[in-house]
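As structure tokens, the structure follows; a few thoughts come after it.
Derivation of every value follows stated rules applied to the coordinates shown; laboratory data play no part. All values reported here derive from a predicted model rather than from experimental measurement. Using ideal geometry, Cβ is built from the backbone for each residue, glycine included, and neighbour counts are taken over all protein chains shown.
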Amino acid sequence: MVTGIALFFVYLHLALNVRFGSDGAVLEKQAWDVLNGNPLMRGWTVADIAFYTIEIPELAVLEWLHGGIAPVVLSVAEALNLTLVVLLVALLAKGRATGRAGVVRALVAGGIIFAPVAGANSTVMLANPDHLATQIPVLAAWLIVDRARPRWWVPVAVAALLAWARMSDSIVLLEAEIPLLVVCAVRVYRRSRPSRARWYGLRGQWYEASLAAAAIAAECVAQLVLVTIRAMGGFTAYPLQETFAPVDQLSSHVGVTVESALLLYGADFSGSPLRGNLTLLTMAVHLIGVLLAVAAAGYALRRFSSLDLMPQVVTVMLVTSLLAYTLLNDGVTVGGGAHDLMPVLPAGAVLAGRLLFRPPVPRRLLAVLAATLALYTGFLAAYVVQSGPIPSQTALASWLQAHHLRYGLSNYYAASLITVDGDSGVMVVPVKRDVGQLILSPWESTTSWYDPARHDATFLVATHMQGCPADDASLWTAAARATYGPPTRTYSVDGAQVWVWTHNLLDHQLPQQPMARPSAC
């Protein structure tokens, strides 16, 4: 308990100093809408990861406790999620082992995953809700499988947890439902072969067959609930668009997979300068965790048939996640896409702690592990001390409030951030720029935002986004003038351009683009 509380406050400090993005800010808006009487999220069109059953209820509770939308709400949620993942990984690795062996297993697994480093790894782990919280119900399901005796309620509980997670995140199909189904089907088949000298009782066969059925039931229940929500007028989710990568791209995808896995483990040294600095040294130490995970995965694959049920499922979970990330066409960017490989981190950590350290554990090995854990903890402490304030849209949001500008427009990547950084004192909703005009995109938005009978939008904010051309602001100016006419007043505030009109901008019915993630420019 004490360890978990300490970890939470460390992660909270780091999360408060890691800039979250627009996706996380939009989730706060969705949670606030749910909290204020829209539980089915009517009118919302969301991405292929709905977050509906995990992050949104969590954020809604935190917003209720805080009293509104604020940056700290998302930071608290991410710190809590990472803390729970670390504790569940440690419990899974420990298994039923007691004494020194149990402690070593838990520390090895928890040590591999507990220390996110500065830079991209902290961004993936603590900046935006993106597959991290999904690991909580999945790991909880595996903990039940591992610790509970075969009883009728175990498949029911597992199906409920996986269905709950699947309604929120489509990655559950690949990382949990398929692995559980495949492993249980193989175990039932192997135990049923007449050529084997040993036959197993009906109870054992029933238990594993029912777990396989639980995996199927979880998918069916999740899909049925989502369809029912849509039929009742609730949110619409963007369908998955993955395709298999062309053969000539597979070699590059393998490289991206390796680099993304290293990033998740805090060991991605690619592009780092070859000189003494804290970041490079930290990444070098974190390679120990990578090596332990690789060794454990190799051990699990070689001795797969002799493993217990839970380690078998986690092994297949790791393999399916790696294969999907490599073979599907979305796995092409490092950093921005590494979150899609998230299951590999807890899976590798669990296998390393569970399989590589069996009693009796030599004292020399204990000394090495203690020194490595001390280094991990020391580097984490150094980053906690060094972390400082981050840029935000607070100054811009405060300026808008001071000038009585309460409702306006901006690009997707700035709109929600301005709202959240302003503690919901100002509301900014997204529009897109395309071929010299402003348009709407249903991506992570709700139709109520653009209803002129409910809102009076009087300004537009243009901010320069990293990676966009230098004349991007002038292109926004031209598109805004073409759509709404010349602004009444113009301001330059904290690096952003604010254009103000005297009429309601929502009276202009903007054309709508098909569902797609908005570009930054």
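If you average the sequence gap of Cα pairs under 8 Å that are 6 or more apart and divide by the length of region 76-173, what percent do you get for the contact order?
Computed over region 76-173, the figure is 30 percent.
As I understand it, the value is the acute angle between the Cα axis of helix 71-94 and the longest principal axis of the Cα atoms of the chain; what does it come to in degrees, rounded to 10?
10 degrees
Let me check the size of region 44-131 from its C-alpha atoms; what are the radius of gyration and Dmax in Å?
Gyration radius and largest Cα-Cα distance of region 44-131: 16.0, 51 Å.
Report the gain in length on full extension from Tyr491 to Arg364: 0.36 nm times residue separation, minus Cα-Cα distance, nm rounded to one decimal.
Here the segment from Tyr491 to Arg364 would lengthen by 39.1 nm.
At 7 Å along the Cα-to-beta-carbon direction for both Asp248 and Ser192, put a label point, then send me their distance in nm to one decimal.
Reported label-point gap for Asp248 and Ser192 is 4.6 nm.
List the chymotrypsin sites (Phe, Trp or Tyr not before Pro) within region 419-457 that DSSP assigns to loop and that have no more than 11 neighbouring Cβ atoms inside 10 Å.
Working: sites: Trp443, Trp449, Tyr450; in loops: Trp443.
Passing sites in region 419-457 do not exist.
With an 8 Å Cα cut-off and a minimum separation of 6 or more residues, compute the relative contact order for region 394-507 in percent. Don't skip to the answer; put the middle values down first.
Numbers: 182 pairs, mean separation 30.1, N = 114.
After rounding, I find 26 percent.
About the Cα centre of the chain, how large is the charge dipole given +1 on each Lys and Arg Cβ and -1 on each Asp and Glu Cβ? Please answer in debye to the nearest 20.
2660 debye
Once you put a point 7 Å from the Cα of Leu281 and another 7 Å from the Cα of Leu65, both along the Cβ direction, what distance in nm separates them?
3.6 nm
Work out how much length Ile439 to Arg42 would gain on full extension: take 0.36 nm times their residue separation and subtract the Cα-Cα distance, in nm to one decimal.
Once the chain is fully extended between Ile439 and Arg42, it gains 140.8 nm.
With r defined as the distance between the Cβ atoms of Leu240 and Val2 and R0 fixed at 35 Å, what FRET efficiency is calculated, to the nearest 0.05?
Efficiency at R0 = 35 Å is approximately 0.25.
Relative to the longest principal Cα axis of the chain, at what angle does helix 99-113 sit, 0 to 90 degrees, rounded to 10?
30 degrees
Rounded to the nearest 5, what is the percent of antiparallel bridges among the DSSP beta bridges in region 394-507?
65 percent
Can you give me the long-range amide H partners of Val46? Hydrogens built in the peptide plane at 1.01 Å from N, cutoff under 5 Å, separation of 5 or more residues or another chain.
Thr236, Ala237, Tyr238, Glu444
Roughly how large, in nm² to one decimal, is the mean projection of the convex hull of the alpha-carbon atoms in region 394-507? All intermediate terms of the calculation are to be shown ahead of the outcome.
On the way: hull surface 26.9 nm².
Averaged projected area of region 394-507's Cα convex hull equals 6.7 nm².
How large is ³J(HN,Hα), in whole Hz, for each residue of region 445-450 in order, when computed from phi with the Karplus curve 6.51 cos²θ - 1.76 cosθ + 1.60 and θ = phi - 60°, using x for Gly and Pro?
Taking θ as phi minus 60°, the curve returns 8, 10, 4, 5, 4, 9 Hz for region 445-450.
Please list, ordered by chain and number, the residues whose modelled amide H lies under 5 Å from the amide H of Met427; skip anything fewer than 5 residues away on the same chain.
For Met427, whose amide H was placed from the backbone, the distant partners under 5 Å are Tyr407, Gly408.
In sequence order, what are the phi-derived ³J(HN,Hα) couplings for region 147-160 according to the Karplus relation 6.51 cos²θ - 1.76 cosθ + 1.60 with θ = phi - 60°, rounded to whole Hz, with x for glycine and proline?
Karplus-based 3J(HN,Hα) across region 147-160 equals 9, 7, 6, x, 9, 4, 6, 5, x, 5, 5, 5, 4, 5 Hz.
To test your reading of the geometry: what angle, between 0 and 90 degrees and rounded to tens, separates the Cα axis of helix 55-66 from the longest principal axis of the chain?
Roughly 60 degrees between the two axes.
For region 391-454, which semi-axes, largest first and in whole Å, follow from the square roots of 5 times the eigenvalues of its Cα gyration tensor?
Output for region 391-454: semi-axes of 21, 14, 11 Å.
Magnitude of the Cβ-charge dipole of region 394-507, K/R +1 and D/E -1, about the Cα centre, nearest 20 debye?
Dipole of region 394-507, to the nearest 20 debye: 220 debye.
Given all pairs of different Cα atoms, what value in angstroms does the Kirkwood hydrodynamic radius of the chain take?
Taking the inverse mean of 1/r over all distinct Cα pairs, the chain comes out at 24.7 Å.
In whole Hz and in residue order, list the ³J(HN,Hα) couplings for region 489-497 that follow from phi through the Karplus curve 6.51 cos²θ - 1.76 cosθ + 1.60, θ = phi - 60°; x for Gly and Pro.
Couplings: 9, 10, 9, 10, 10, 6, x, 10, 9 Hz.
Once you keep just the Cα pairs under 8 angstrom separated by 6 or more residues, what percentage relative contact order results for the chain? Intermediate results must be reported in sequence, preceding the final value.
On the way: 846 pairs, mean separation 96.1, N = 521.
Worked out over the chain, it gives 18 percent.
Compute the distance in nm between two label points, each set 7 Å from the Cα along the Cα-to-Cβ direction, one at Leu323 and one at Ala371.
4.0 nm
Estimate the FRET efficiency between Thr447 and Leu224 by the formula 1/(1 + (r/R0)^6), using the beta-carbon distance for r and 22 Å for R0, to the nearest 0.05.
Step by step, r from the Cβ atoms, then E = 0.30.
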